[in-house]
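Quick notes on the structure that follows.
What follows is calculated from the coordinates using simple rules that are stated; it is not laboratory data. Just so you know, these numbers come straight off a predicted model, no measurement behind them. Reconstructed Cβ throughout: ideal geometry from the backbone, glycine too, with neighbour counts over all protein chains shown.
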Amino acid sequence: MSSSTPEALTAAVLTVSDSSACGERPDLSGPAVAEILKRKNFAIVATEIVADDQQNIQQAIIRLAAKARLIATTGGTGIAARDVTPEATRAVCTRLLEGIAERMRFEGSKKTPMAALSRAICGVREKSLVLNLPGSPRGAVESLEAVIDLLPHALELLVGNTKHTEP
């Protein structure tokens, strides 16, 4: 599969937020993430909102990974008691891509020292990537922009396209 095939660049956006899940606050981060993905030629195949509950997050990631090659989560990556998105992601992924999260925090720290408090991770579930992003629209967009150019190549590697071309 090459990155030009439609299924290679499918994405789902999962917003993790108690207040958005119960309708108390509009989801601003999910649509902002979806917009960036669309601009980079990802087809958004699903968007969902779930509460900050590890089992619900895990079930949503599993369900969305069956539909999309990239699952971008937004929210639940901090240090508050209900921030459990990294734990849910880790539970359903077979491998982690530490460098992706490191890059997001590194780039984020150029704008705010609070980036160091993010526990966001990136993992592999079968042939999909699960990318945790912060819950704030600005943090989510900036984190995604820090790594988005790496994602198509990572997705290619996951389907076995490991040929490298020299520049």
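Worth a mention:
- Single unsatisfied condition, Ala51 versus (1) more than 15 Å from Ala146 (Cα to Cα); (2) within 14 Å of the chain's Cα centre (by Cα): (2)
- A single entry from Leu64, Leu96 fulfils the requirement of being surrounded by 19 or more Cβ atoms within 10 Å (Cβ to Cβ), on the phi < 0 side of the Ramachandran plot, among the aliphatic types (A, V, I, L, M) and under 13 Å from the mean Cα position of the chain (by Cα): Leu64.
- A count restricted to segment 109-138 and to residues that are buried (at least 23 other Cβ atoms within 10 Å of the Cβ) and free of Cβ contacts under 8 Å to residues at least 40 places away in the same chain stands at 2.
- Unique match (being assigned to a loop (DSSP other than H, G, I, E, B), among the small types (Gly, Ala, Ser) and within 27 Å of Thr162 (Cβ to Cβ)) among Ala68, Ala8, Ala80: Ala68
Condition check ((1) in a loop (DSSP other than H, G, I, E, B); (2) closer than 19 Å to Pro31 by Cα; (3) touching a residue at least 40 places away in the same chain (Cβ under 8 Å)) across all residues:
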position: Ala140; (1), (2), (3): no, yes, yes
position: Ala146; (1), (2), (3): no, yes, yes
position: Glu156; (1), (2), (3): no, no, yes
position: Thr162; (1), (2), (3): yes, no, no
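- Condition met for Ala101 (hydrophobic (A, V, I, L, M, F, W, C), part of a helix (DSSP H, G or I) and surrounded by 21 or more Cβ atoms within 10 Å (Cβ to Cβ)): yes
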